[in-house]
Amino acid sequence: MTNTNATNLRKNLFEYLNSAIEYNDVINVNTKNGNAVILSEQEYNGMIETIYLSSIPGMKERLEAGLNAKLGDCVEFEW
């Protein structure tokens, strides 16, 4: 995570945006009225998908079970 203030952000906006997009860097911008966060669209979409999946009852447990499953326990699926 990169921290900056609004003045520095204005001076180097393209570089900060490029860092967020290319390196998935999260930019924390400090202002007199509070802070704001800049992140890439890819990072934002990933967070929204995680929130959505977490909102489905039982999905967290199913994902954890899948992560902990041994390959031999998996069933082959044909589309």
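When 26, 75 are checked against the criterion of being β-branched (Val, Ile, Thr) and surrounded by fewer than 10 Cβ atoms within 10 Å (Cβ to Cβ), 75 stands alone in meeting it.
Being of a type in the set (Val, Ile, Thr) and surrounded by 12 or more Cβ atoms within 10 Å (Cβ to Cβ) is the filter here, so list the residues in region 1-23 that pass it.
2, 4, 21
Beta carbons closer than 6 Å, at least 6 apart along the sequence or on distinct chains, pair a first residue in region 43-70 that is touching a residue at least 12 places away in the same chain (Cβ under 8 Å) with a second that is of a type in the set (S, T, N, Q) and surrounded by 10 or more Cβ atoms within 10 Å (Cβ to Cβ) for 43/24.
In this structure, does residue 40 turn out to be out of contact with any His (no Cβ under 6 Å at 6 or more places or on another chain), within 11 Å of residue 2 (Cβ to Cβ) and surrounded by 13 or more Cβ atoms within 10 Å (Cβ to Cβ)?
no
Every number here is computed from the coordinates shown, using simple stated rules; none is lab data. These numbers come from a predicted model, not from an experiment. Cβ sites come from the backbone with ideal geometry, for glycine too, and all protein chains shown count toward neighbours.
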